[in-house]
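Input: a single structure, listed below in structure tokens.
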Amino acid sequence: MQKIKQEDLQHDFSRGSVSRHIMAQAVPLMVAQILQLLYNVVDRIYIGHLPGEDGMALTGIGLVFPIVSLIAAFTNLFGMGGAPLCSIARGAGKNEEAEKIMGNSAVLLFFSSFLLMVLCYIVRKPVLYMLGASDATYPYADTYLTIYLLGTVCFMMGNGMNQFITSQGFPKIAMGTTLLGAVSNLILDPILIFGFGMGIEGAAIATVIAQTVSAVWVLRFLTGTKAILRLRKNRLRLESRIVKDICALGTSGFIMQATNCVAQIACNAMLSIYGGDLYIGIMTILNSIREILSMPVSGITQGSQPVLGFNYGAKKYERIRSGIRFMALAGGIYTAAAWVVLVLFPEPFLALFTTNKEMLSLGVRSVHLYFAGFVFMLFQFSGQSVFVALGKSRQAVFFSLFRKVVIVLPLTLLLPRLMEDGVAGVFLAEPISNVIGGLACFITMYFTVYRKLERKQV
């Protein structure tokens, strides 16, 4: 009997320490995201060290990033759009409604993934050249993308539905999703890339296999008896009301990824003009370093979402305020420490991805420029997570658009033309957007959510 009570407490976020609940969600999520990072980055590490390629293979993979971001955007639209709604419904004791939300998200993820795979395959050649490919880098980008697209359905189903495992309070199971994928990729990459001499083809095949393993794990859990909320056939019928709510809330995550796609296109285009293939390769490395360093703060902010959403559904407003304070403090300490380490020791991070001496030399200065506003990234992550967790879709969407479309994109296009060093202008667009966009998002959240929750608490 005591065991049942302990399990109930573990999944009931309205009782016990808020910070403990957040960390119980965040730590496995951070481990999962680090594993996910290995899943994504290990390809770039191996490809960056292929002998005789002179960085062109790594640049080729970098050209595929905007398309990968677009696929991730639709994953966020239906996965991150449904999971917070599922948490709120569960917190209000509406488990049947929560299962309907999960079922609708699964259907949306499946059909959109199939359509994206077909569409991207058809238009891949003109799109890759539009993204900045040259005749030297196109063969690498095309080879990787053609194989990668075969895993689109598994990627979207695995990553999108994994959000619902976390929202039910099973962070370790969710961590297992990325653990299986990452381990599979880590084992297969060197075997296929070097052992069988498949190069960039081997990296893509390893990724597709790993995505398939992850998707099978997720679907087996959500259709099994251990899940609180299960995927059932009678919950897979689309309901316009639910679809509308999922898309409204998921639009924030969609825009964040979709605008990443647009920003990457703009960066590649400007770098091809002012720096050439070498600097597109450096940007690929910088994006990879950013993924490495942002994982823990992303884990903390995303780990807080099911806790905040559950307490919002349960009308425990002071617990939400406590969770926001903890999230901001923990994230702030981490981002400051990570920034100091990166600024002082950029070379080891760069050396993970390349042995090209020119890339290493130019990369140090690029790191200092690109990550100048890294600490302010926390404010965007925190504010955005609160809006999403509480179902405030309009605010979440606005600040996603504001940072990327209103700030990053214009600066990426204008600064290189205004500055004597065009490449520096491209790299400076990111830190400026972190400062302006991050502060605007967090300050708005503070006055429109945090302060108002104090007055609503009885």
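Please go through the range 344-377 and give me each residue that is open to solvent by 10 Å² or more (accessible area, probe 1.4 Å), in contact with a helix residue (DSSP H, G or I) (Cβ under 8 Å, 6 or more places away or on another chain) and of a type in the set (A, V, I, L, M), ordered by number.
A351, L352, L360, L362, V364, L369, A372, V375, M377
Conditions first: (1) modelled with pLDDT of 85 or more; (2) open to solvent by less than 10 Å² (accessible area, probe 1.4 Å); (3) closer than 21 Å to A396 by Cβ. A248 passes all but one, so which condition is the exception?
All conditions are met except number (2).
State the number of residues belonging to the range 210-244 that are charged (D, E, K, R) and over 20 Å from N162 (Cβ atoms).
So the answer is 5.
It is to be established whether one or more residues within the range 133-141 are assigned to a loop (DSSP other than H, G, I, E, B) and open to solvent by 50 Å² or more (accessible area, probe 1.4 Å).
yes
Anything in the range 382-398 that is open to solvent by less than 50 Å² (accessible area, probe 1.4 Å), of a type in the set (A, V, I, L, M, F, W, C), at pLDDT 85 or above and assigned to a helix (DSSP H, G or I)? List them, or say none.
Answer for the range 382-398, where residues must be open to solvent by less than 50 Å² (accessible area, probe 1.4 Å), of a type in the set (A, V, I, L, M, F, W, C), at pLDDT 85 or above and assigned to a helix (DSSP H, G or I): V386, F387.
Here is a yes/no grid of residues against (1) under 26 Å from Y144 (Cβ atoms); (2) open to solvent by 10 Å² or more (accessible area, probe 1.4 Å); (3) part of a helix (DSSP H, G or I):
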residue	(1), (2), (3)
A203	yes, no, yes
T212	yes, yes, yes
V218	yes, no, yes
K226	no, yes, no
N260	yes, yes, yes
M270	yes, no, yes
G281	yes, no, yes
T284	yes, no, yes
I292	yes, yes, yes
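Return yes when L231 is assigned to a loop (DSSP other than H, G, I, E, B), aliphatic (A, V, I, L, M) and touching a residue at least 60 places away in the same chain (Cβ under 8 Å) and no when it is not.
yes
Condition check ((1) out of contact with any Gly (no Cβ under 8 Å at 6 or more places or on another chain); (2) open to solvent by less than 20 Å² (accessible area, probe 1.4 Å); (3) modelled with pLDDT under 90) across all residues:
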| position | (1), (2), (3) |
| --- | --- |
| I101 | no, yes, no |
| V107 | yes, no, no |
| S113 | yes, yes, no |
| L119 | yes, no, no |
| Y144 | no, yes, no |
| I147 | yes, no, no |
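Residue check: is G160 closer than 15 Å to L222 by Cβ, modelled with pLDDT under 90 and within 22 Å of the chain's Cα centre (by Cα)?
So G160 does not fit the description; no.
Could you tell me which of the residues A206, A248, A210 is in contact (Cβ under 8 Å) with a residue 24 or more places away in the chain and more than 30 Å from M56 (Cα to Cα)?
Result of the check over A206, A248, A210: A248.
Can you find, within the range 407-431, the residue that is most open to solvent (accessible area, probe 1.4 Å) among those that are aliphatic (A, V, I, L, M) and within 21 Å of the chain's Cα centre (by Cα)?
Top of the filtered list is L409.
Have a look at A57, A32 and point out the one that is open to solvent by less than 40 Å² (accessible area, probe 1.4 Å), assigned to a helix (DSSP H, G or I) and at pLDDT 70 or above.
Unique residue meeting the criteria: A57.
Looking at the range 306-327 only, could you name the residues that are open to solvent by 30 Å² or more (accessible area, probe 1.4 Å) and closer than 22 Å to I173 by Cα?
Within the range 306-327, none qualify.
If you go through the range 182-221 one residue at a time, how many are more than 23 Å from the chain's Cα centre (by Cα) and of a type in the set (D, E)?
So the answer is 1.
Looking at the range 405-420 only, could you name the residues that are within 27 Å of M359 (Cα to Cα) and either part of a helix (DSSP H, G or I) or touching a residue at least 12 places away in the same chain (Cβ under 8 Å) (or both)?
Correct list: V408, L409, P410, L411, T412, L413, L414, L415, P416, R417, L418.
The values are calculated or read from the model by the stated rules, or taken from the named source; none is laboratory data. What you see is a predicted model; the values in this text were computed from it and never measured. No Cβ is skipped: glycine too gets one built from the backbone with ideal geometry, and neighbour counts run over all protein chains shown. What goes into the accessible areas is simple: the full protein's heavy atoms, side chains included, and nothing from ligands, DNA or RNA. Shrake-Rupley method; radii C 1.70, N 1.55, O 1.52, S 1.80 Å.
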